[in-house]
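Step one of this worksheet: look at the structure below.
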Amino acid sequence: MSDAAAGPDFRCGFAALVGRPNVGKSTLLNALVGQKLSIVTPRPQTTRHRILGVLSSAQAQIAFVDTPGLHAQAGRALNQAMNRTATAALEGADLAVLVLEAPRWTSEDELALARVVQAQRPAIAAVNKIDRVRPRERLLPYLGELAARHEFLAIVPVSALKAENIQDLRDTIARHLPCSQALFPLDQLTDRGTPFRIAEMIREKLTLELNQEVPYGIAVEVERLAHEDGQLMVDAAIWVDREGQKPIVIGAHGARLKRVGRSARLALNELLGERLHLNLWVKVRENWADNARALRELGLE
Ligand code: GDP
Ligand code: MG
């Protein structure tokens with residue numbers, strides 16, 4: 001570790017990215033760390049786990065934590081587990097980055113802000129998707145209202161998608177972290193291993209492919225991972241929660257599953273820098289999203 005990282009002015013801590021579903025938390029995590037760590041789709045509730053992304057510089061180390069969207073409708077066991085994951089990440093963080101979507105304020109934003117207040121975390125508001133607001137002056141009344149709603153440490157407008165104002169957000173977060181030496185090795189990026197990243201990438205491609213057809217009923221589990229003949233051999237199970245969903249995921253003559261496998265493989269070849277052979281199987285576990293034991297087995301508790 002360099003001297004700077006242990007010096008008295010070095011800052012380090014956890015910043016939890018929280019907010020309602022679909023505001024762009026995961027896109028923002030990836031933009032902040034400059035790597036695809038968290039999967040992104042146009043659908044709400046894509047992120048199910050806490051995802052750590054560590055960014056180290058000469059002045060600071062920020063441990064970003066991406067979280068599932070905080071939402072009101074928490075009937076299913078899976079939804080409750082996701083809300084719990086987000087709340088726990090918030091409570092364990094030094095500060096909250098409340099991610100919002102300009103220029104709309106919704107009751108779910110209100111709920112997310114209430115959780116931040118409840119957890120007594122100081123908060124920075126990241127107003128995302130400003131690329132969609134034209135002309136930019138339309139942001140001003142929204143930013144004014146935001147400042148009146150809560151005493152944020154700072155309000156930073158950004159576009160995670162177009163990587164606008166991301167450095168400003170990094171600097172603002174770092175400035176508000178405690179003085180501390182680095183908590184992670186300076187070259188560490190995340191705490192998730194290869195099987196997790198493979199499973200998540202498959203789930204991303206599958207979610208993109210399925211549109212609305214199998215709502216939230218999909219989980220992916222890597223069952224085998226081995227190096228053979230200079231290739232990474234992967235067997236992965238796609239869990240659906242009803243027999244009737246199996247043919248939808250497989251598609252006519254297996255076409256859909258093939259497309260998913262292909263796009264996951266290409267993305268993973270690049271992400272892992274290694275050639276991958278991917279075998280996908282669709283399996284049924286009745287109502288897994290309502291079943292606490294199944295959630296635990298799939299690492300969702
Ligand atoms: P999350 O549910 O909060 O993690 O949101 P995601 O990161 O999964 O993004 C949800 C959707 O919003 C995806 O379709 C993203 O491409 C899109 N999105 C995220 N950030 C931006 C942004 O800055 N601008 C625009 N136009 N779209 C964005
Ligand atoms: Mg997400």
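The values are calculated or read from the model by the stated rules, or taken from the named source; none is laboratory data. Predicted model, so just to flag it, every value in this text is computed and none were measured. Here the Cβ is made from the backbone with ideal geometry for all residues, glycine too, and neighbour counts use every protein chain on show. In case anyone asks, the SASA skips ligands and DNA or RNA and just uses the protein heavy atoms, side chains included. Shrake-Rupley method; radii C 1.70, N 1.55, O 1.52, S 1.80 Å.
Worth a mention:
- Scanning the range 12-29 for residues that are of a type outside the set (A, V, I, L, M, F, W, C) and more than 8 Å from ligand 1 (Cβ to nearest atom) yields a total of 1.
- Condition check for LEU169: under 19 Å from the mean Cα position of the chain (by Cα) and in contact (Cβ under 8 Å) with a residue 24 or more places away in the chain: yes
- When ALA89 is tested against the conditions (1) within 15 Å of ligand 2 (Cβ to nearest atom); (2) within 21 Å of GLU301 (Cα to Cα); (3) touching a residue at least 60 places away in the same chain (Cβ under 8 Å); (4) not in a helix (DSSP H, G or I), the lone failure is (4).
- Of all residues in the range 246-262, those satisfying the criterion of being over 16 Å from VAL222 (Cβ atoms), crowded, with 17+ Cβ neighbours inside 10 Å and touching a residue at least 40 places away in the same chain (Cβ under 8 Å) are VAL249, ARG256.
- Yes/no for GLN59 being touching a residue at least 60 places away in the same chain (Cβ under 8 Å), more than 9 Å from ligand 1 (Cβ to nearest atom) and over 19 Å from ALA160 (Cβ atoms): yes
- Some residue of the range 181-192 being outside the structural domain of LEU271 (by TED's automatic domain parsing), modelled with pLDDT of 95 or more, touching an Asp or Glu at 6+ places or on another chain (Cβ under 8 Å) and open to solvent by 30 Å² or more (accessible area, probe 1.4 Å): no
- Among the residues of the range 228-245, those that are outside any helix (DSSP H, G or I) and surrounded by 14 or more Cβ atoms within 10 Å (Cβ to Cβ) comprise LEU232, MET233, VAL234, ASP235, ALA236, ALA237, ILE238, TRP239, VAL240, ASP241, ARG242.
- The listed residues are LEU52, LEU113, LEU78, and the only one of them that is surrounded by 23 or more Cβ atoms within 10 Å (Cβ to Cβ) and either within 16 Å of ligand 2 (Cβ to nearest atom) or touching a residue at least 40 places away in the same chain (Cβ under 8 Å) (or both) turns out to be LEU78.
- Residue within the range 204-216 that is assigned to a strand (DSSP E or B), aromatic (Phe, Trp, Tyr) and either open to solvent by less than 60 Å² (accessible area, probe 1.4 Å) or closer than 29 Å to ASN83 by Cβ (or both) present: no
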